[in-house]
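Working notes, beginning with the structure itself.
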Amino acid sequence: MRTAIVTGGARGIGFGIARALMGAGYATALFDLNETALAEARDALTREFPDVQVMPVTVNITEAAAVAEAITQVQTAWGRIDLLVNNAGIVRDKRITNMDETDWDDVISTNLRSNFLTCRAVAPVMFAQGEGRIVNISSRAWLGGFGQANYSAAKGGVVSLTRSLALEFASKGVTVNAIAPGIVETPMFASFEPGVQEKLRQSVPRKRIGRPDDIARAVLFFADPANDYLTGQLIYVCGGRSLASPSV
């Protein structure tokens, strides 16, 4: 049995990734802070994949002790951890002149510090196995985004963390790669006014908004046991948006 952890796995892109992994046979642990969303995700995934194990874990991934305990819980239950997907993230978009320290700290903590904590906690497990996969979800916004100094800085940090850990972990049989999504259909996107949605859609060269499944397929690519020579890489899943300078 191959096993996976997906942070922020109860909703949006994380849920789509978890769904794809379970469809590929991975027993999957969902790390999230929202207990209600976790219960709903567990029930939905159990109905769809009754023969594949799913483990909801309520955890604050910005707290070191909580992360270490959650990783131990998964290892104890399943005996190994084959894949870690760092997906959890938040936004607090504001011009920097309107951005306070909490806006900065919360985004850096959730979007970057959490990756450091989970990678550090899972590393000894994967090293002992002699193999493992880590996939960090960055964003096309790491290239820069208006009103996104905190978010872009955090996501750029994810790319640099990925490259550094790929060098540290390579000799241990563990690959570390990253994915940079563009605009994706999530509850947040659905909350935008129709005119805003259409403006965003037109800013994508592919002329459609990404879907969680698009991101999930890239995760499965990096997770493939056959791809053990592929590490420290970043794949854009953005419909071409990373190639231009969109006005939105």
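Taking every protein chain into account, the accessible area of the chain amounts to 47 square angstrom per residue (probe 1.4 Å). Taking θ as phi - 60° and the Karplus parameters 6.51, -1.76 and 1.60, the scalar couplings of segment 202-208 work out to 6, 7, 9, x, 6, 6, 8 Hz in sequence order, x denoting glycine and proline. Between the helical axis of 12-23 and the longest alpha-carbon principal axis of the chain there is an angle of about 40 degrees. Bridging of residue 94 to aspartates and glutamates at a Cα separation below 20 Å is possible for 103, 105, 106, 193, once same-chain residues fewer than 8 apart are set aside.
Its Kirkwood hydrodynamic radius, worked out from the mean inverse distance over all distinct Cα pairs, puts the chain at 18.2 Å. Express the relative contact order of segment 101-248 as a whole percentage, based on alpha carbon pairs under 8 Å and six or more residues apart in sequence. With pairs under 8 Å counted, the relative contact order is 27 percent. For residue 235, the residues whose modelled amide H falls within less than 5 Å of its own, excluding neighbours fewer than 5 places apart on the same chain, are 178, 179, 180.
Eigen-decomposition of the gyration tensor built on the alpha-carbon atoms of segment 13-86 gives equivalent ellipsoid semi-axes of 19, 15, 11 angstrom, largest listed first. Here's the picture: charge each Lys and Arg Cβ at +1 and each Asp and Glu Cβ at -1 in the chain, and of 153, 20, 143 the one pushed furthest to the positive end of that dipole is 143.
Sequentially through segment 221-238, phi angles give Karplus couplings (6.51, -1.76, 1.60; θ = phi - 60°) of 4, 5, 6, 3, x, 6, 8, 7, 9, 10, 8, x, 10, 10, 10, 7, 10, 9 Hz, Gly and Pro residues having no value and appearing as x. Under 18 Å of direct C-alpha separation, and excluding same-chain neighbours fewer than eight residues apart, residue 207 reaches these lysines: 199.
Under the criterion of Cα pairs below 8 Å and six or more residues apart, the relative contact order for segment 3-237 equals 20 percent.
Among 49, 15, 192, the largest mean-square fluctuation in a Gaussian network model of the chain (Cα springs under 10 Å) belongs to 192. Sparsely packed loop sites in segment 1-65 (the GluC sites (Glu not before Pro) outside DSSP H, G, I, E and B with at most 11 other Cβ atoms within 10 Å) do not occur. Helix 35-48 and the longest principal axis of the C-alpha atoms of the chain enclose an angle of approximately 70°.
The values are calculated or read from the model by the stated rules, or taken from the named source; none is laboratory data. All values derive from a computational prediction rather than experimental measurement. Virtual Cβ from ideal backbone geometry, glycine too; neighbours counted across all protein chains shown. Just the protein is used for accessible areas: all its heavy atoms, side chains included, with ligands, DNA and RNA removed. Shrake-Rupley method; radii C 1.70, N 1.55, O 1.52, S 1.80 Å.
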